């Protein structure tokens, strides 16, 4: 970056570079920075990061995203946060402010993980696809963390992030907990076929 730069812009540059080095996650979709809800007392919020990116004229969005619960968490509920995301096509807007990022982006493998974790939802009226709203760092979580985030098969404990052809993640919910996502691998649920046929079987209607 050459030429005169306003002090507030230079300060924003320093904050953004520091934040990306500390917690930025790059993948096949772009760069993501996650912040837990109400984290403003000890670190920059997603809103603060967004303001700095606006000063640097870097296009971005803020989405709701969840991380695995902490081991010390009593409720074991997923941690809600906001994630600032910059698409790959918009990352060049960052390069003048953070030149080292250009080569790092160039080295991202073509088969790198992406932001979305998709699951199949078999229902009586057919199969749909849903996207779980996870922090972009989900591919790097340990299996213990993935289990806490309920990303392993509840039947055989297979890590559903591995995406084997015959082990796709299916959302097979219990009748007593219809609103609670319950992931099962394709091998353990017959690729969702049994779930789609279950209402007809219970009603005694040929499928």
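Condition check ((1) assigned by TED's automatic domain parsing to the domain that holds residue 185; (2) surrounded by 14 or more Cβ atoms within 10 Å (Cβ to Cβ); (3) not in a loop (DSSP other than H, G, I, E, B)) across all residues:
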site	(1), (2), (3)
97	no, yes, no
101	no, yes, yes
112	no, no, no
121	yes, yes, yes
129	yes, no, yes
139	yes, yes, yes
145	yes, yes, yes
155	yes, yes, no
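Against the conditions (1) farther than 24 Å from residue 141 by Cβ; (2) in contact with a helix residue (DSSP H, G or I) (Cβ under 9 Å, 6 or more places away or on another chain), residue 86 satisfies every one except (1).
Taken over segment 157-167, the criterion of being in a loop (DSSP other than H, G, I, E, B) and modelled with pLDDT under 95 is satisfied by 163, 164. Kindly indicate the residue of segment 15-46 that is crowded, with 17+ Cβ neighbours inside 10 Å, in a loop (DSSP other than H, G, I, E, B) and in contact with a helix residue (DSSP H, G or I) (Cβ under 9 Å, 6 or more places away or on another chain) and also modelled with the lowest pLDDT among those meeting that condition. Among those residues, the one meeting the criterion is 44.
Which ones in segment 183-193 are without any contact (Cβ under 8 Å) to a residue 24 or more places away in the chain and touching a helix residue (DSSP H, G or I) at 6+ places or on another chain (Cβ under 7 Å)? The answer is 186, and nothing else. Within the option set 154, 131, being in contact with a strand residue (DSSP E or B) (Cβ under 9 Å, 6 or more places away or on another chain), closer than 26 Å to residue 49 by Cβ and touching a residue at least 12 places away in the same chain (Cβ under 8 Å) holds for one residue only, 131. Selection of segment 48-63 for residues being assigned to a helix (DSSP H, G or I) and surrounded by fewer than 19 Cβ atoms within 10 Å (Cβ to Cβ) yields 48, 50, 51, 54, 55.
Return a yes/no flag: does segment 170-182 have any residue that is outside any loop (DSSP other than H, G, I, E, B) and either surrounded by fewer than 16 Cβ atoms within 10 Å (Cβ to Cβ) or without any contact (Cβ under 8 Å) to a residue 40 or more places away in the chain (or both). The answer is no, given that none of the residues of segment 170-182 is outside any loop (DSSP other than H, G, I, E, B) and either surrounded by fewer than 16 Cβ atoms within 10 Å (Cβ to Cβ) or without any contact (Cβ under 8 Å) to a residue 40 or more places away in the chain (or both).
The values are calculated or read from the model by the stated rules, or taken from the named source; none is laboratory data. This one's a predicted model, so the numbers in the text were calculated from it and none came from an experiment. Every residue, glycine as well, gets a Cβ built from its backbone with ideal geometry; the counts of neighbours run over all protein chains shown.
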